[in-house]
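Shown next, in C-alpha cells, is the structure this report addresses.
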Amino acid sequence: MAAITADRADGPDALAWVAPVAILIVAFTIVPLLGSNYLIEAIMLPFLALSLAGVGLNLLTGYAGQVSLGSAAFMAVGAFAAFNFNFRIDGLPLIVSVMLAGGVAAAVGIVFGLPSLRLKGFYLAVSTLAAQFFVQWALTKFGWFSNYNPSGVIDAPALSIAGIVFEGSVGRYYFALIIVTALTFFAWRVATSQTGRNFIAVRDNETAAKFIGVPVLKTKLLAFALSSFIIGVAGVLWAFAYLRTVEPAGFNLDRSFQILFIIIIGGLATIRGAFFGAALIVVFPVVLSRIGSFLLGDMFDSGVLDMSERIVLGALIIAFLILEPDGLAALGRRLWSRIRTKVGSPSEA
Amino acid sequence: MTSLKTLLRTAAAGLVFSIAAVALPAQADEQYFPLQSYRVGPYAAGGTGFFGGFIDYMNLINTRDGGVNGVKLTWDECETQYEVERGVECYERQKSRANAAAWNPLSVGIAYAMIDRIATDKVPLITVNHGRTDSTDGRVFPYVFPLLLNPYSETSGIVNYLASKEGSLENLKGKKIVVLYHGSPYGKETIPIYELLAQKYGFTVQQIEVPHPGNEQQSQWLTIRRAKPDYVVLRGWGVMNPVALKTAQKVGFPATKIVGNVWSNSEEDVIPAGDAAIGYTAITTQASGADYPIVKEIVASIYDKGLGNLEDKKRIGSVYHNLGIVNGILNVEAIRIAQEKFGKRTLTGDEVRWGFEHLKLDEAKVAALGAKDLFHSINVSWDNHEGEGYVTFQQWDGKKWNVVSDWIAPDWKLLRPIIEKSSEAYAKEKNIKIRTSAEAENVLN
Amino acid sequence: MAESFDYLFFIEVLTGGLLSGVMYSLVAIGFVLIYKTSGVLNFAQGAMLLFAALTFVSLVERGVPFAVALGITFAVMVLMGITVERVVLRPLVNKPPITLFMATLGLSYVIEGAAQLLWGTQVHALDLGIEDIPFEFYGVFVSKFDLFASGVAAVMVAGLTLFFRYTRVGLSFRAVADDQFAALTVGLRLPRIWATVWAASGLVALVAGLLWGARSGVQFSLSLVVLKALPVLVLGGFDSIAGAIVGGLIIGASEKLAEVYVGEYFGGGIEGWFAYVLALAFLLVRPSGLFGQKLVERV
C-alpha cells in the first residue's frame, strides 16, 4: 500500500474540515428537501447502508489487513438480531435494539475472527467464507430468527429514535443518515487513535508490531469486533431503512463481494473511501441502464446492458488495482490538493 | 484523474436523465404496465419466457383490438436480474410514470420488498402462481394478488394428484412421500401443509433439503433411494431441478415417480437433464403447447409479422411463455372488468384493484378468450385473491410436455383457516385494519 | 433392539462422496497450477470453467462436430489465458498476493459477463455420450459417469505429473515455483512460462467444465463450483497437485457422509458450509494444509 493512511488528524488545518462539514450540510438539508422520492429511495438509502458497511470492512481489511469475504453475513446477523430484539423485548427503544444488534454482530465477528490468530491471507479469507455460508444457513434453517414467518422474511418495524418517529422515505433517510454520521465519526476516531495505528502496524508487519509491543492478538480481535459491529448496524439500515423486508438470501456471497469491491474501488485504509466506492457501486448500474434504455430503447435486450455492466465492474476492479490501488480516495485527495494549491494554502509544500 | 472525471460526468448525466424521466408526462388513454423483468442472471430462461408471453399478449390486444376498449396498453422493462434491490430501484424508477395498472415482478423476493410500497401507492401487485401465501386473504392484503395458485394450494393439488394416481385419497394411506426442497424459505414454506395433509390422509412424509444452489445432490438422492418412497415431490428452483433429475438417474431412482412443483415444471428445467427427465411429471396451472387458439393467434398476428418478443421461436408455447400469456389474459381482463364499472378510460391503481377483485372467468369465458384447456378458470373475490385456480399435470417425453391429468382442484376449504390465521397475525403485527367487503367496493381516486 | 448399521448404504455414500471429491479436485488442480508457478490464487477459475463449457456447448449446438468444438474451445481458453496473464497479471506482478486475488475476483466478473454476453443465458444440456445409469457392484450402486470422470482426472493428473517431472517446460515450471529469481538468473523467460501455465490451467478448466457441465447442465451457477474447490485447496495446500486430489477426496467423502449422518440432527442442508467448517478446523491444527509448503511465521 502506497500511503500508510490517507486520513491523518491534520491538527489545526481548518481547510481539512471544510469538505466533510459541507457534505453533511448538504446531506441533512438540501438532499431531503430537493431530492426526488426516487433519489432517496433507490439511491441514497442503499448508498448510506453500503457506505457504512464499507466503513466497517475498511477498518478490518484496509486498516488491519485482515481480509474478510463474509461481511454480508455480519450484515445479516445485525438485521435479524435487531428484528428479534425489537420484536421480542417489549418496550425496548429501537435505537437500543440497533446497538444491541451491533453488539451481537461484534460477538459473532470475534468468533469467526478467532482463526485470524493463526491464519493469514488466503487462508483467513477462506475461513471467513465459512462465516458467510454458516450464517446464511442458520438464519434460513431456524425459523425462530424470522419469527417462524412461512416465507422466512423479516418485516421492518416503525423507525424511531428517542420517541421521534421517522416514517416516509425522508424520515427513513434521516434515520439512516444520523446513524451513518455517528458511526462514521466513531470509525474515524478509531482510525486516528492508537488503536488505528495498532491496526496498521499489524497489517504492515506483524512480527515487527509484536516486537515493538503491539498486542497483536487483542488488536486483531478488536478489529473484527469493531468492524462487525459497524457492518451489523449497516445491515440493520439495509433491512429497516431501505428494503423494509429482508430474507437471508439477500445477504449472500455476492453482497460480500460487493462490499469488498466498494472498499477496493473507494480506497483501502481510508474512511471516505467507503463512500466513494459505495457511490460508484450504487449509481453506476442505474446510470448505465438509464443511458442504455435512453439511447437504445427497445432495440437492445436489457440483458445485454446488464452483462456489460458486470464486465465493466470487473474491469474497473482490475483497473483500480493496477492503476490506482489507493482507490478513488487517492484520486480525490489529489484533486483536493490541486484545488488547495490553487487556493494557496500555506500548509502545502 | 480520468476516472474521477468520468465518474462526475456520468453522475451528472444520470442526474439529468433521472430528472428527464420524472418529467415525462403520461399519455391520456393509455394503461401502463411497468415490467420489472429479468433477462439475465441465473433465472433468465424463466424471465425471458414469462415476460415474452406477457408482452406478446399485450401486443396482440393492441394490434388486434386497438387496446382494451380503445385504451392502448403500454409497458417498459427494467432489468432486475432477479435481485431484490434492483427490483426496488426499478419500482422507484418506474412508478414515476403515471397510470401504472399493476406490478408483475415474477420474483418472490422483489414482491416482498414491494408489499409495503404498493400498499401506500395503491397499485396492485400480481404474484401469479407464487408469492406470500397469506396474501391470498384480501382482507389484510388489499393490493397483493397471488393469482391462480399459492404455495399451499399447490401442495394440496399435488397430493390430490398423487391420490388420483393411487385411485383415491383413501389409498394414500400407508404410502411414503419424500419432498426434496430447495434450501430457502420458499422451499420450506410448504412443510407444515404436507404434515397436515399427511396426518389427514395417513401417508408419511419426509422432507429432505438441498442447499442452494443445488449443484450437488448425491447424498440426498442416496438417502431417498434408501428410504424407498412411493413418490418424490421436487420443490426446486433453477439449477436444482435438472441436477435432481440427473442425480436420480445416477442412483437409479425412476423419473416416473418424481412429481415437480410449479417452479420445477418448465422446459428449461428438464432439457439440461437430457434423457434423465423422461417420464418426469410436474404440476402446472397452464398447459403448454402451441395449439391453443390464443397461442395460434399470437403466432399469426404477432410472430409472423416479426413483432414477437421471444427470440427463439421454438419456445412459443413453452410453460413460461404460456404462463406469460395467461398472466396477460388475467391482467387485461381485470382492466376490462374495471372499465365496465368506471368508464372506458385510463384507470387508477385502485380501480384496477377493484377489477382484479372481480376477476371471474369461468370455463365458458376462458374458451371465448381462446384459452380453452390452456388454463381452467379463475374466481377472484375481495377476500380471496388467489382465485381458486385449477391445476393439471404434464409429463415430459423427452421432446415436450403432455397433459396426463384432468383439471384438479386443491382443497381450498382446508387451507383457508390456516391462511387466515397467518394473515391475521400479520395484520396485528403491522396494525392493519381488516377490511370489510363494503370497504373493498369503495374505490379511492 | 438396535438397528444394524447399514454398511452397504454407508459404502454407497462413501463411494459417491469420493467420486464427487474427484470432481472437486479437478477444479482445484486448475488453481494449483497457477498458484504453484505464480503465487496467484485464481478466483476466476470457476468463471473460466463456465466460459469453456458454454463455448463448447454452444458450438456443438450450432452443429460443429465434437472434436472440432473441443479444439476450438481449447484454443479459445489458451488465448484467454495468455491475455489474462498479459493484461491483468503482468502489471500487478509485485503486488501482495491478496491484491492479485482481488484482481482475479474482478476477472471472474468480467469472464462471467463475457460468457453470457457472447453465448446467451439459456441453460444447455451437455452430452458427452456417457449414460449415467448406475451399475451394481456387490450390492453397491456406483455411478458410471462419476467413474468415467475419475478416470479422466486420473489420466490428467498422471499426464501433469509426467509433464512436470520429465519435460523441459515442466521442469521450468517447477524452477519458477521454487525460486523466481533463481529461475530468472538461469535464463528462464518468466512471462512465457506464466502464459503457458495459464493456458494449461485453461485446459484443466475446459476438462472440468465439460465434466461438470455434463453432470449438472451448463448454466450460470456452474461457476459456483469454485466455492467447493477452495476448502479442497485449504486442506490439500494451495500448491500441491497430490494435495488437491487427497483434499478433494476427503472433502467429498466427509461432506456427503456428514449430510447423511449428521445432517439429520440439524434438519439437513449442512452441505453448504460443512466443507468450509471442516477446512477451518483443519487449518487451526495445520495452518498450511496437508501437503502445502509450510509458511513459517511464528514469533
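The values are calculated or read from the model by the stated rules, or taken from the named source; none is laboratory data. From a predicted model like this one, the values you see are computed outputs, not experimental measurements. As a convention, Cβ positions derive from the backbone with ideal geometry for all residues, glycine included, and neighbour counts pool all protein chains shown.
Is it the case, given these coordinates, that B:Y201 is in contact with a helix residue (DSSP H, G or I) (Cβ under 6 Å, 6 or more places away or on another chain), more than 14 Å from chain A (Cβ to nearest Cβ) and hydroxyl-bearing (S, T, Y)? Break it down stepwise before answering.
Values: in contact with a helix residue (DSSP H, G or I) (Cβ under 6 Å, 6 or more places away or on another chain): yes; more than 14 Å from chain A (Cβ to nearest Cβ): yes; hydroxyl-bearing (S, T, Y): yes.
For B:Y201, the condition - in contact with a helix residue (DSSP H, G or I) (Cβ under 6 Å, 6 or more places away or on another chain), more than 14 Å from chain A (Cβ to nearest Cβ) and hydroxyl-bearing (S, T, Y) - is met.
Counting only residues that are out of contact with any strand residue (DSSP E or B) (no Cβ under 8 Å at 6 or more places or on another chain) and among the hydroxyl-bearing types (S, T, Y), which one in region A:120-168 is nearest to A:A73 (Cα to Cα)? Among them, the one singled out is A:T128. Restricting A:N198, A:N205 to those that are more than 14 Å from chain C (Cβ to nearest Cβ) and free of Cβ contacts under 8 Å to residues at least 60 places away in the same chain reduces the list to A:N198. The residue that is nearest to B:I294 (Cα to Cα), counting only those in region B:334-357 that are without any contact (Cβ under 8 Å) to a residue 24 or more places away in the chain and surrounded by fewer than 17 Cβ atoms within 10 Å (Cβ to Cβ), is B:E340. Here C:L8 clears all of (1) more than 24 Å from C:F148 (Cβ to Cβ); (2) within 12 Å of another protein chain (Cβ to nearest Cβ) except the condition numbered (1). Checking each residue in region B:127-140 for being more than 19 Å from B:L323 (Cα to Cα), more than 9 Å from chain A (Cβ to nearest Cβ) and either in contact with a strand residue (DSSP E or B) (Cβ under 6 Å, 6 or more places away or on another chain) or crowded, with 24+ Cβ neighbours inside 10 Å (or both) picks out B:S135, B:T136, B:D137, B:G138, B:V140.
Among the residues of region B:358-376, those that are outside any helix (DSSP H, G or I) and surrounded by 21 or more Cβ atoms within 10 Å (Cβ to Cβ) comprise B:L359, B:L361, B:A371, B:L374, B:F375, B:H376.
Give me the residue from region C:113-170 that is within 14 Å of chain A (Cβ to nearest Cβ) and of a type in the set (A, V, I, L, M, F, W, C) and, out of that set, farthest from C:A52 (Cα to Cα). Give the steps one after another, and end with the answer.
Taking region C:113-170 as the starting set, the residues that turn out to be within 14 Å of chain A (Cβ to nearest Cβ) are C:113-122.
Filter again for of a type in the set (A, V, I, L, M, F, W, C), leaving C:114-115, C:117-119.
Details: C:A114: 12, C:A115: 9, C:L117: 14, C:L118: 12, C:W119: 11 Å.
Step by step, filter region C:113-170, then rank; the result is C:L117.
A quick yes/no check of all residues on (1) within 11 Å of chain B (Cβ to nearest Cβ); (2) at pLDDT 90 or above:
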position	(1), (2)
A:V135	no, yes
A:K141	yes, no
A:N149	yes, no
A:A156	yes, no
A:G163	no, no
A:V170	no, no
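This table checks each residue for (1) in a helix (DSSP H, G or I); (2) in contact with a Leu (Cβ under 8 Å, 6 or more places away or on another chain); (3) basic (K, R).
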site	(1), (2), (3)
B:Y91	yes, no, no
B:S96	no, no, no
B:Y112	yes, no, no
B:S135	yes, no, no
B:L149	no, no, no
B:S153	yes, yes, no
B:A163	yes, yes, no
B:G174	no, no, no
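For region B:100-126, residues that are surrounded by fewer than 20 Cβ atoms within 10 Å (Cβ to Cβ) and over 28 Å from A:I281 (Cβ atoms) total 2. Going through (1) touching a residue at least 60 places away in the same chain (Cβ under 8 Å); (2) surrounded by 24 or more Cβ atoms within 10 Å (Cβ to Cβ); (3) small (G, A, S) one by one, C:S38 falls short only on (2). Apart from one condition, C:T55 fits all of (1) within 13 Å of another protein chain (Cβ to nearest Cβ); (2) of a type in the set (S, T, N, Q); (3) not in a loop (DSSP other than H, G, I, E, B); the exception is (1).
Tell me, which residue of region A:32-77 that is polar (S, T, N, Q) and surrounded by 24 or more Cβ atoms within 10 Å (Cβ to Cβ) is farthest from A:D326 (Cα to Cα)? Steps first, please.
Of the residues in region A:32-77, the ones polar (S, T, N, Q) are A:36-37, A:51, A:58, A:61, A:66, A:68, A:71.
Now restrict to residues that are surrounded by 24 or more Cβ atoms within 10 Å (Cβ to Cβ): A:51, A:58, A:61, A:66, A:68, A:71.
Values: A:S51: 17, A:N58: 12, A:T61: 13, A:Q66: 17, A:S68: 18, A:S71: 21 Å.
Among residues in region A:32-77 that are polar (S, T, N, Q) and surrounded by 24 or more Cβ atoms within 10 Å (Cβ to Cβ), the one farthest from A:D326 (Cα to Cα) is A:S71.
Output yes when any residue across region C:185-206 is within 14 Å of chain B (Cβ to nearest Cβ) and farther than 22 Å from C:N94 by Cα, and no when none is. Give the steps one after another, and end with the answer.
Initially, region C:185-206 is screened for residues within 14 Å of chain B (Cβ to nearest Cβ), giving none.
No; the residues of region C:185-206 include none that is within 14 Å of chain B (Cβ to nearest Cβ) and farther than 22 Å from C:N94 by Cα.
Out of region B:252-295, which residues are free of Cβ contacts under 8 Å to residues at least 40 places away in the same chain and within 19 Å of B:I329 (Cβ to Cβ)? Of everything in region B:252-295, those that are free of Cβ contacts under 8 Å to residues at least 40 places away in the same chain and within 19 Å of B:I329 (Cβ to Cβ) turn out to be B:A290, B:D291.
Count of region A:148-161 residues, restricted to those that are assigned to a loop (DSSP other than H, G, I, E, B) and either out of contact with any helix residue (DSSP H, G or I) (no Cβ under 7 Å at 6 or more places or on another chain) or crowded, with 17+ Cβ neighbours inside 10 Å (or both), is 8. Screening B:L125 against (1) under 13 Å from the mean Cα position of the chain (by Cα); (2) in the same structural domain as B:V233 (by TED's automatic domain parsing); (3) among the hydrophobic types (A, V, I, L, M, F, W, C) leaves a single unmet condition, (2). Every test in (1) closer than 30 Å to C:L222 by Cα; (2) under 18 Å from the mean Cα position of the chain (by Cα); (3) modelled with pLDDT of 90 or more is passed by B:Y186 save one, and that test is (3).
Here region B:247-265 is the region considered, the condition is being within 12 Å of another protein chain (Cβ to nearest Cβ) and part of a loop (DSSP other than H, G, I, E, B), and the residue that is surrounded by the most Cβ atoms within 10 Å (Cβ to Cβ) is B:F253. Exactly one residue out of C:R86, C:R90 is surrounded by fewer than 20 Cβ atoms within 10 Å (Cβ to Cβ), charged (D, E, K, R), within 22 Å of C:W194 (Cα to Cα) and within 10 Å of chain A (Cβ to nearest Cβ): that is C:R90. C:A67 meets all of the listed conditions (1) buried (at least 16 other Cβ atoms within 10 Å of the Cβ); (2) out of contact with any strand residue (DSSP E or B) (no Cβ under 7 Å at 6 or more places or on another chain) but one, namely (1).
Inside region C:265-288, residues that are within 30 Å of B:I191 (Cβ to Cβ), more than 7 Å from every other protein chain (Cβ to nearest Cβ) and among the small types (G, A, S) make up a count of 1.
State the number of residues belonging to region A:134-147 that are closer than 16 Å to B:S422 by Cα and either crowded, with 23+ Cβ neighbours inside 10 Å or of a type outside the set (A, V, I, L, M, F, W, C) (or both).
Of the residues in region A:134-147, 3 are closer than 16 Å to B:S422 by Cα and either crowded, with 23+ Cβ neighbours inside 10 Å or of a type outside the set (A, V, I, L, M, F, W, C) (or both).
In region B:227-246, is there at least one residue being assigned to a helix (DSSP H, G or I), more than 10 Å from chain C (Cβ to nearest Cβ) and surrounded by fewer than 22 Cβ atoms within 10 Å (Cβ to Cβ)? Yes, there is a match, as at least one residue in region B:227-246 is assigned to a helix (DSSP H, G or I), more than 10 Å from chain C (Cβ to nearest Cβ) and surrounded by fewer than 22 Cβ atoms within 10 Å (Cβ to Cβ). Remark: C:L105 falls outside the filter, which requires a residue to be modelled with pLDDT under 85 and either within 24 Å of A:L69 (Cβ to Cβ) or hydroxyl-bearing (S, T, Y) (or both).
For region A:255-292, give me each residue that is touching a residue at least 12 places away in the same chain (Cβ under 8 Å) and not hydrophobic (A, V, I, L, M, F, W, C).
First, the residues of region A:255-292 that are touching a residue at least 12 places away in the same chain (Cβ under 8 Å): A:255-286, A:288-289, A:292.
Residues satisfying the conditions are A:R255, A:S256, A:Q258, A:G266, A:G267, A:T270, A:R272, A:G273, A:G277, A:P285, A:S289, A:G292.
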